[in-house]
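The next block holds one structure in the form of structure tokens; read it before the comments.
The values are calculated or read from the model by the stated rules, or taken from the named source; none is laboratory data. Since the model is a prediction, treat every value here as computed from it, not as a measurement. Glycine gets a Cβ as well: all are built from the backbone with ideal geometry, and neighbour counts include every protein chain shown.
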């Protein structure tokens with residue numbers, strides 16, 4: 001199975017793995033590939049700049065180092081991802097989550113997330129919340 005890490009799942013994997021549910025580590029270890037959407041990178045950069053997210057280093061360095069260290073595949077946003085995000089039902093309005101969901105749908109990936117709202121969309125998702 002290929003997994004798309006949502007933003008929180010990525011942060012937890014890299015710096016707070018104790019927050020994962022007991023079976024989340026096993027799911028990650030069994031994954032064929034781990035992916036991170038550019039939407040998550042954008043979200044972390046924006047939230048770090050606004051003071052809403054503290055990272056161990058500048059986002060440009062820390063995110064890149066973690067992607068390399070964990071062997072994560074960076075997944076660029078496509079126009080199809082962007083358009084689909086605007087066509088999803090309005091279960092919530094978080095633009096970053098909507099881009100992550102549309103990316104997962106378009107690439108047939110399962111999203112690893114701590115956000116239960118993902119279950120309301122037509123996307124495969126697994127919870128990592130412990």
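Determine whether the stretch 59-68 contains at least one residue that is surrounded by 13 or more Cβ atoms within 10 Å (Cβ to Cβ) and outside any helix (DSSP H, G or I). No; the residues of the stretch 59-68 include none that is surrounded by 13 or more Cβ atoms within 10 Å (Cβ to Cβ) and outside any helix (DSSP H, G or I).
Here is a yes/no grid of residues against (1) in contact with a helix residue (DSSP H, G or I) (Cβ under 7 Å, 6 or more places away or on another chain); (2) in a helix (DSSP H, G or I); (3) on the phi > 0 side of the Ramachandran plot:
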site	(1), (2), (3)
4	yes, no, no
12	yes, yes, no
18	no, yes, no
22	no, no, no
26	no, yes, no
29	no, yes, no
34	yes, no, no
40	yes, yes, no
44	yes, yes, no
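The number of residues in the stretch 69-87 being farther than 19 Å from residue 16 by Cβ and in a helix (DSSP H, G or I) comes to 9.
Being surrounded by 22 or more Cβ atoms within 10 Å (Cβ to Cβ) and under 15 Å from residue 62 (Cβ atoms) is true of residue 10. Residue 61 meets each of the listed conditions (1) at pLDDT 95 or above; (2) under 27 Å from residue 106 (Cβ atoms) apart from (2).
The set of residues from the stretch 22-53 being farther than 29 Å from residue 79 by Cβ and either at pLDDT 95 or above or buried (at least 19 other Cβ atoms within 10 Å of the Cβ) (or both) comprises 24, 28, 51.
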